[in-house]
Amino acid sequence: MNLVSKLKDNPSIADALKKQGVSRRDFIKFCTMIAATLSLPSSFVPQIVEALEKKLKPYVVWLEFQDCAGDSESMLRATKPTIAEIVLDVISLEYHETIMAGAGKYAEKALADVVKNQKGKYIAIVEGAIPLKDGGVYCTIGGRTALDIAKEVCGNAAMTLAVGSCSSWGGIASANPNPTGAVGVGKAVPGITYVNLPGCPMNVENVTATIVHYLTFGKLPALDNEHRPLFAHGKRIHDNCERRPHFDAGQFVRKWGDEGHRRGWCLYEMGCKGPEAHFNCPSIRWNAGTSWPIQAGHPCIACASTDNWDKFGPIYSRLQNVPGAGYQATADKIGLGIAAAAAAGVAAHAIGSAVKGKPEKKDEK
Amino acid sequence: MAKIAIDPITRIEGHLRIEAQVDGGKVTDAWSSGTMWRGIELMMKNRDPREVWTLLSRV
């Protein structure tokens, strides 16, 4: 990819897609999918189509700080038909350490050029946390601290997208005892216009949808109190989980590889944080919609929730309470209630006890 | 005699700086530095051993 040449030649999004051989049909499909991701009715599709046809590709710089490049991988691995092309061609990616050709001062010049020439117009994407301790020495690029770079680049951007949990709220880097004083970009550079797109890694479809929303409506999508878009983080995983009927029926996995696990029962007892996590994983999924952690048989670790590594208890210990959605009850009450409603007193007792964590009886059918 | 620095080294995962001592068009000495540190080892202390992989796999 010739990143520098794109500075001179910045066609409209529709032109860029055409050049890549994306058919009209695939383009409309893409717009429809984006509308669905954004939880918009299909009547908004023409508006999205029109915006993408007319708008010039926005300049984007991708900064990496205390990261593992997992979000970059997530972006590059986008495989849904045409998404890979769209992510790379809807935007004009001018700077990205992991994939760009130039190095050293040439790389830094590409970044400086965008900041100078596109001031107030470009999108800054930030991956990785920003360390504040000891003057920010724990992450430097080109001799400058992450904080110094973020202040300049994010401070002059039209908007900043914090992709992944590290740039959203500190992520892994901020796990106890947070040795480097790592924080998210919103905290490190107060006053900027930003969206948090956490997740470990971020889901590329939510990132694309946020950019398209911005291009179509000229503003950020509605955000929650953690600065995350509501379209992606407005719903609880537990409420949309494909294993939810098993929770309601009191059918739980109690041991890795037991019959319930093989049958795809609820992972609550194994420590699933789905009841306290808000993310659209159950509908968007990962790897081109192939699967997601719970579908694969692993409990949710609430990767997109602030301080998930420390605040939700050990990953494989079950949550004490199941909050939200009009009721506040522990799982034993729910399991008990449902079973009792089925007028099966003995079964109710069995399920209730099992959920309370009493000695396991035997795998149930 | 001149000392040059290439920072960032791109197309790698992580942050790397290479400095080289150049003497008459020949590199006579060189130094490399990883310029990012998170201290993930320190986060492993007192953690439930079963969940350590979930953090370490994200290095």
*Hand me the trypsin sites (Lys or Arg not before Pro) from the stretch A:203-283 located in a DSSP loop with no more than 15 other Cβ atoms within 10 Å, in residue order please.*
A:LYS219, A:LYS255
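Grab the Cα-Cα distance for A:LYS119 and A:ARG263, subtract it from 0.36 nm times how many residues apart they are, and report the gain in nm with one decimal. Spell out each step's value before the answer.
Values: separation 144, 0.36 × 144 = 51.84 nm, distance 5.48 nm.
Additional length available on full extension: 46.4 nm.
From other protein chains only, count the Cβ atoms within 10 Å of every residue's Cβ in B:31-43, then give the mean. The partial results should precede the final answer.
Numbers: counts 0, 0, 1, 0, 9, 13, 8, 18, 11, 5, 1, 6, 10.
That average works out to 6.
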*asked:* Full-extension gain between A:LYS109 and A:GLN320, please, as 0.36 nm times their residue separation minus the C-alpha to C-alpha distance.
replied: 70.7 nm
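Would you mind getting me the FRET efficiency between A:SER42 and A:ALA158? Use the beta-carbon distance for r and R0 = 22 Å, nearest 0.05.
Values: r = 28 Å, r/R0 = 1.28.
Computed FRET efficiency for A:SER42 and A:ALA158: 0.20.
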_Restricting the stretch A:204-242 to chymotrypsin sites (Phe, Trp or Tyr not before Pro) in coil, as DSSP defines it, with at most 14 other Cβ within 10 Å_ = none
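Between their Cα atoms, which of A:LYS119/A:LYS187; A:LYS18/A:LYS54; A:LYS187/B:LYS45 are more than 19 Å away from each other?
Working: A:LYS119/A:LYS187 22 Å; A:LYS18/A:LYS54 13 Å; A:LYS187/B:LYS45 26 Å.
From A:LYS119/A:LYS187; A:LYS18/A:LYS54; A:LYS187/B:LYS45, over 19 Å: A:LYS119/A:LYS187; A:LYS187/B:LYS45.
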_Distance (nanometres) between label positions extended 7 Å along Cα→Cβ at A:LYS133 and B:TRP53_ = 2.8
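Based on the Kirkwood radius over alpha-carbon pairs, what value in µm²/s does the Stokes-Einstein equation return for the translational diffusion coefficient of chain B at 4 °C and 1.567 mPa s?
Taking Rh from Cα pairs, D becomes 91 µm²/s.
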*What is the mean number of Cβ atoms from other protein chains located within 10 Å of the Cβ atom of each residue in peptide A:141-147, rounded to a whole number?*
3
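Any read-out appearing in this document is the output of simple, stated calculations on the displayed coordinates, not a laboratory observation. Note that this is a predicted model, so its numbers are computed, not measured. For neighbour counting, all protein chains shown are included, and Cβ atoms are generated from backbone atoms with ideal geometry for every residue, glycine included.
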